[in-house]
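Student: If you scroll down you'll find the structure; I have some questions about it.
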């Protein structure tokens, strides 16, 4: 390809017949330092051992830049090492194809071609190589070529701090930091020939966010997760079995699409209160709670038989203290069950049904990563969701129940905000339609949806998908967890890591 200067630019693997160009470039880069030059037999050895790790940039048929690397078993190498130990004194005996770290042993650009960002091309290619080989990191010993100028007034650590603050420009360290590398430690006596750095170096590392430790293939977490949301139509059911039949219909339909999760709405089982409409609202809700354990047993069976993780919406439960709570269950497809008890109780729930809030805040480990569950009103409290995000949550499930459109908009807008500020996906599912002869549950409004963070890899409006309002239907959505990893590390903004913890913090109180 051509760059904007009209020169022909090509990034490719180095070959042995490039050595004359390489030698000419080294003479310009390291004038008067022949002991820092690579000999032809050394390049030949590198190409034999690890050809894909030796990269170069060709300009108009002349090699003008290169990047050399080896793979090392970093546990054997350790953080305290010298350049000679890394390279095996140019024998490259430490190169290990089964190692876990790509170690950069050389990068240089011919002085006549600097300013064209050729080193950045080489670094980007090296990162792609690290990812494709599933290595956990790139490590390099970074020279500090201007340190000698400041050595009388600054220690190596003080020098690095000033480079980080951009008070000093160091041609190597500044470049490394701008390319996503961070300083792990300072190395002494790293390169004996490096008089400019006084033989100091920075141990630099770039972390591969896509690295997957080798595991049993059956246990490797999924990166693309399929969600199934049920927008549930409230309708009269003559008995318990009729409601279960409707539940199984949706589980069956969603599992046919190989979904990993199915989400039901809050208090979707309210039709079973119809026989108790002559009672007070609180007493009728307690009667509804008698169906919760039988329903949970059905959900557990469906999760296993349909091979799908089920978020059961929410159902009322009378706890050990004889208090009524609003509980959501996560029925894993391996038979395990987790529960979440709604923490924030609305004024109507408190006054009409006498409900009380739960007190447990945690994420749940699943075969598709860490997920969180909150119920309806909970999503309007950003502190709660941030605590879940701090525990590594990737997907937040929000079963909800709203009777009016303005109530729905409160839940929707807050759910969208939680996705943006916590760099996660948020899936919300609600009930629609009318339910005659059930006090306090007569009308519902919903539009179920999956929301995303707001950055280039996601929809511009942060809406991955949504249902038709007030219509019974399902929504099947794929979410990519790797996009979240990319966002956390390379997004336009870093909402999670840019918090001013020096000014404020958020913590869970011990009970």
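Student: Hey, any hits in region 76-93 for a residue that's within 30 Å of the chain's Cα centre (by Cα) and part of a loop (DSSP other than H, G, I, E, B)?
Tutor: Yes: one or more hits.
Student: Give the residue that is nearest to residue 347 (Cα to Cα), with candidates limited to residues of region 385-397 that are crowded, with 19+ Cβ neighbours inside 10 Å and without any contact (Cβ under 8 Å) to a residue 60 or more places away in the chain.
Tutor: Step by step, filter region 385-397, then rank; the result is 385.
Student: Taking the stated definitions as given, is residue 282 more than 21 Å from residue 238 (Cβ to Cβ), touching a helix residue (DSSP H, G or I) at 6+ places or on another chain (Cβ under 6 Å) and not in a strand (DSSP E or B)?
Tutor: yes
Student: Looking only at region 399-424, filter to residues that are touching a helix residue (DSSP H, G or I) at 6+ places or on another chain (Cβ under 8 Å) and free of Cβ contacts under 8 Å to residues at least 60 places away in the same chain; which one of those is farthest from residue 485 (Cα to Cα)?
Tutor: The qualifying residue farthest from residue 485 (Cα to Cα) is 402.
Student: Looking only at region 44-58, count every residue that is in a strand (DSSP E or B) and farther than 16 Å from residue 135 by Cβ and tell me the total.
Tutor: So the count comes out to 3.
Student: Residues that are under 32 Å from the mean Cα position of the chain (by Cα), free of Cβ contacts under 8 Å to residues at least 60 places away in the same chain and surrounded by 15 or more Cβ atoms within 10 Å (Cβ to Cβ): find the strands (runs of 3 or more DSSP E) completely inside region 152-236 holding 1 or more of those.
Tutor: 182-187
Student: Let me ask something else. With 508, 487, 475 as the choices, which residue is surrounded by 15 or more Cβ atoms within 10 Å (Cβ to Cβ) and either touching a helix residue (DSSP H, G or I) at 6+ places or on another chain (Cβ under 7 Å) or in a strand (DSSP E or B) (or both)?
Tutor: Of 508, 487, 475, the one residue that is surrounded by 15 or more Cβ atoms within 10 Å (Cβ to Cβ) and either touching a helix residue (DSSP H, G or I) at 6+ places or on another chain (Cβ under 7 Å) or in a strand (DSSP E or B) (or both) is 475.
Student: Also: So residue 382 passes all but one of these: (1) under 29 Å from residue 452 (Cβ atoms); (2) crowded, with 17+ Cβ neighbours inside 10 Å; (3) at pLDDT 95 or above. Which condition number does it fail?
Tutor: (2)
Student: Residue by residue through region 224-251, note down the ones that are at pLDDT 95 or above and more than 21 Å from residue 291 (Cβ to Cβ).
Tutor: 225, 226, 227, 228, 229, 231 - these are the residues of region 224-251 that are at pLDDT 95 or above and more than 21 Å from residue 291 (Cβ to Cβ).
Student: Which residue out of 116, 129 is surrounded by 13 or more Cβ atoms within 10 Å (Cβ to Cβ), part of a loop (DSSP other than H, G, I, E, B) and touching a residue at least 60 places away in the same chain (Cβ under 8 Å)?
Tutor: Answer to the check: 116.
Student: Here is a further query. State all residues of region 248-278 that are outside any strand (DSSP E or B), farther than 13 Å from residue 435 by Cα and touching a helix residue (DSSP H, G or I) at 6+ places or on another chain (Cβ under 7 Å); if no residue qualifies, say none.
Tutor: Within region 248-278, 248, 251, 276 qualify.
The values are calculated or read from the model by the stated rules, or taken from the named source; none is laboratory data. Every value quoted in this text rests on a predicted model; they were computed, and no experiment measured them. Note that each Cβ is placed from the backbone with ideal geometry, even for glycine, and that neighbours are counted across all protein chains shown.
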